[in-house]
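See structure below.
The values are calculated or read from the model by the stated rules, or taken from the named source; none is laboratory data. This one's a predicted model, so the numbers in the text were calculated from it and none came from an experiment. When we count neighbours, we look across all protein chains shown, and the Cβ atoms used for this are built from the backbone with ideal geometry, even at glycine. These accessible areas exclude ligands, DNA and RNA; they are computed on the full protein's heavy atoms, side chains included. Shrake-Rupley method; radii C 1.70, N 1.55, O 1.52, S 1.80 Å.
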Amino acid sequence: MILAFSFAYALDAKKLPGQDIFLDDGQSKKYTDTVEFAVVGNVRPAKPGEAEASKRVAAKGVTDALVRDISATVQEGRTEFVVLLGNLVPTSSIATWKAFTRQWVSLISGTEPPEGPMRTRVLPVAGEDDGAGDDRYTGLGGAFPGLGADIGFNRVATWYHVDLEVGGHTWRLLTVDSNKTTLGSRWEEQLAFVEKVVKDDDAYDSLLVFTYHPLITLAVGQKANVGEGTSELLDLVEAESPVGALKAVFSGGSTANEVYLPRGKFGELYVVAGGGGAPADTIERWGHAEAGGFPDVKLETTYDFALLREFERQAELRKCSTVAMDHAKSVESWKGFPGAYEASCMPTQGWWDVALTGERMELNYRQVQPDLSFKAIYTATFSGKKNGWTIGK
């Protein structure tokens with residue numbers, strides 16, 4: 001703890017290049033028709049020896065490919081901003097934050113000279129690695145000047161909210177920090193902020209929550225609801241927000257992309273948008289994950305089938321073993337065990353294209369291909385309180 005405290009002060013935030021925040025805490029923006037944004041997490045590079053030690057799969061070039069693919073939508077005038085769901089750097093230092101900026105400078109505007117014809121801005125989420133050795137988030141605050149709610153004393157707050165009024169329907173985007181241990185005494189400040197923001201039910205119609213640790217995950221070797229910070233935050237949101245206001249929870253955490261709809265078509269959708277470039281996790285199709293009151297979970301059915309079809313196709317292109325295919329289908333030597341998509345055959349890495357139109361929200365998942373292009377393989381749409389979630393076009 002002493003080392004972390006000393007390191008935080010040794011890091012001079014003024015020496016860091018800065019990225020532009022899309023909106024400051026409490027600000028709002030109005031759109032007559034539709035607003036579109038990208039969501040991706042865990043874009044940091046691998047740590048030395050990490051893939052071997054964790055038995056995860058290092059996928060080279062994925063983050064650079066993500067930047068190119070999202071940038072293409074910016075050039076088309078579609079993507080208004082990017083939500084980065086944490087773990088942007090392997091540890092917080094001047095060198096790692098400068099490396100992050102170099103990799104994203106063609107997509108995210110900021111203090112560094114542009115490398116592309118058009119760039120966009122960002123809404124960042126604090127991941128556990130972003131505060132590694134820097135529990136005051138000095139580096140994160142320097143990399144994203146003006147980040148978070150104003151809590152005074154030159155401290156960095158990793159929680160905030162912005163409002164998007166789209167066709168007369170107001171979407172409140174709430175970013176919270178699930179790193180309870182890192183925050184320490186700041187945790188109570190965040191809880192007070194969240195309660196106030198979600199109670200303000202006259203100011204918004206629908207609510208989206210962005211955090212780092214997933215409430216639910218079936219990524220092999222990963223834990224759901226780490227430190228119980230996520231469940232504590234979401235319990236507070238559920239208790240204080242209007243019934244039915246919460247539409248989706250986006251988290252990073254695992255290095256894979258997962259989708260869950262545990263309460264059915266009228267409940268909230270849980271999206272783990274964690275597969276963006278860091279060593280990839282294998283994900284199980286169903287299993288036991290004691291978190292958030294959902295002891296037995298499975299991937300959302302249509303998402304699972306979409307992954308299975310894509311896995312079969314990519315397995316042939318990548319010349320994967322028949323054992324990996326048997327594992328996915330839970331047959332032969334894997335019969336009786338949960339099916340799983342082995343990252344060594346197909347890392348479930350990609351990003352989410354989210355569009356808000358009035359009270360309607362559409363999410364499209366773009367999965368990385370063997371040639372580092374991306375392909376949309378899944379769509380989920382919230383079409384209103386009467387219809388809830390529908391899957392597919």
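Quick notes
- Compactness check for the range 111-175: Cα Rg over 2.2 N^0.38 Å is 1.36.
- Computed over the range 71-145: relative contact order in percent, which uses C-alpha pairs under 8 Å that are six or more apart: 41
- Protein accessible area in the chain, 1.4 Å probe - carbon and sulfur %: 52
- Scattering profile of the chain at q = 0.08, 0.13 Å⁻¹ [log10 I(q)/I(0), Debye over alpha-carbon scatterers]: -0.38, -1.07
- Within the same chain, aspartates and glutamates fewer than 8 places from LYS14 are excluded, and of the rest, those with a Cα less than 16 Å from its Cα are GLU112, ASP134.
- Average Cα contact separation per residue, the range 298-393, under 8 Å, 6 or more apart, as relative contact order %: 20
- Rounded accessible area of THR181 (nearest 10 Å², 1.4 Å probe): 130
- Per-pair calculated FRET efficiency, R0 = 45 Å: LYS265 and LYS199 via Cβ, rounded to 0.05: 0.95
- Taking a straight Cα-Cα cut-off under 20 Å and skipping sequence neighbours fewer than 8 places away in the same chain, the aspartates and glutamates within cross-link reach of LYS329 are GLU258, ASP281, GLU284, ASP296, GLU300, ASP304, GLU310, GLU312, GLU316, GLU342.
- Cross-link table LYS265/LYS386; LYS15/LYS60; LYS47/LYS223; LYS29/LYS386, entries beyond 18 Å C-alpha to C-alpha: LYS15/LYS60; LYS47/LYS223; LYS29/LYS386
- Only the Cβ atoms of Lys and Arg (+1) and of Asp and Glu (-1) were treated as charged; on that basis the dipole of the range 128-263 about its Cα centre amounts to roughly 220 debye.
- Note that the range 119-196 presents 33 Å² accessible area per residue, ligands and nucleic acids not counted, probe 1.4 Å.
- With K and R counted +1 and D and E -1, the other residues having a Cβ less than 10 Å from that of GLY358 yield a net charge of -2.
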